[in-house]
Amino acid sequence: IGHAVRDHPLCVHNATFAIPIDSLNDDRFYLKSIHGQESTKLIFASFLIGIHATVYAILADEVAKAIVISVRGTLSLEDVVVDLQCLPQELSEVGRKCDFEGSGHYCHSGILSRGKWMYEDIRKRRILHEVFSRGSPYENYDLVIVGHSLGAGCACILATMIRHKYPRLRCF
């Protein structure tokens, strides 16, 4: 099961958690709600923090029938530095790579850097590919991306980057 979480639980740095793909049906990875219900399963979590890396989690919400990518907002000093990288950056290069028209459209450069990092991290780990693959218990689920503050900006640009592969995607 992924890397062990290191350091104090409230100060986790440079750790990830991932359930093996062949364990998607395993009940050990459910999160309990405040009402004691188990309807959300943690699939992946990255606690990597840096100028490019950001904290995010991928969950399966079995009530809403959705895979949810949740992106943390500003919390660390690194996050503040990213917030301050606010020069606009054109999206033409990202658009060519991700199959959308980015010419004449701009994004906060810090948010774009984090969005590109998440896109590559999710792609290289093949998380969404495996979760939505034929035979997966989640192959017909919707995809939802959410975030708060800095995480909301990262969620928006990530949604823009992967929309062509996931047409039922919703971003909040």
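Exactly one residue among Gly115, Gly102 is within 30 Å of Thr40 (Cβ to Cβ), modelled with pLDDT of 95 or more, touching a Gly at 6+ places or on another chain (Cβ under 9 Å) and surrounded by 14 or more Cβ atoms within 10 Å (Cβ to Cβ), and that residue is Gly115. Whenever a residue of region 160-172 is closer than 18 Å to Arg123 by Cβ, its partners that are among the acidic types (Asp, Glu), lying with C-beta atoms within less than 8 angstrom and at least six residues away or across chains, give the pairs His164/Asp99; Leu169/Asp142.
Here Asp79 meets the list (1) modelled with pLDDT of 95 or more; (2) within 16 Å of Ala155 (Cβ to Cβ) almost entirely, failing just condition (1).
Looking at region 123-147 only, could you name the residues that are surrounded by 15 or more Cβ atoms within 10 Å (Cβ to Cβ) and either free of Cβ contacts under 8 Å to residues at least 60 places away in the same chain or aromatic (Phe, Trp, Tyr) (or both)? Break it down into steps so the answer makes sense when it comes.
Of the residues in region 123-147, the ones surrounded by 15 or more Cβ atoms within 10 Å (Cβ to Cβ) are 125, 127-128, 130-132, 136, 138, 141-147.
Phe132, Tyr138, Tyr141 - these are the residues of region 123-147 that are surrounded by 15 or more Cβ atoms within 10 Å (Cβ to Cβ) and either free of Cβ contacts under 8 Å to residues at least 60 places away in the same chain or aromatic (Phe, Trp, Tyr) (or both).
Exactly one residue out of Asp79, Asp83 is part of a helix (DSSP H, G or I), buried (at least 19 other Cβ atoms within 10 Å of the Cβ) and of a type in the set (D, E, K, R), and it is Asp79. Please enumerate the residues belonging to region 102-143 that are assigned to a helix (DSSP H, G or I) and of a type in the set (Gly, Ala, Ser). Passing the criteria: Ser109, Gly110, Ser113, Gly115.
For Ala152, the requirement of being within 28 Å of Ser39 (Cβ to Cβ), assigned to a helix (DSSP H, G or I) and among the small types (Gly, Ala, Ser) is met.
The values are calculated or read from the model by the stated rules, or taken from the named source; none is laboratory data. Quick caveat: nothing in here was measured; it's all calculated off a predicted structure. So basically every Cβ, Gly included, is an ideal-geometry build from the backbone, and we count neighbours across all protein chains shown.
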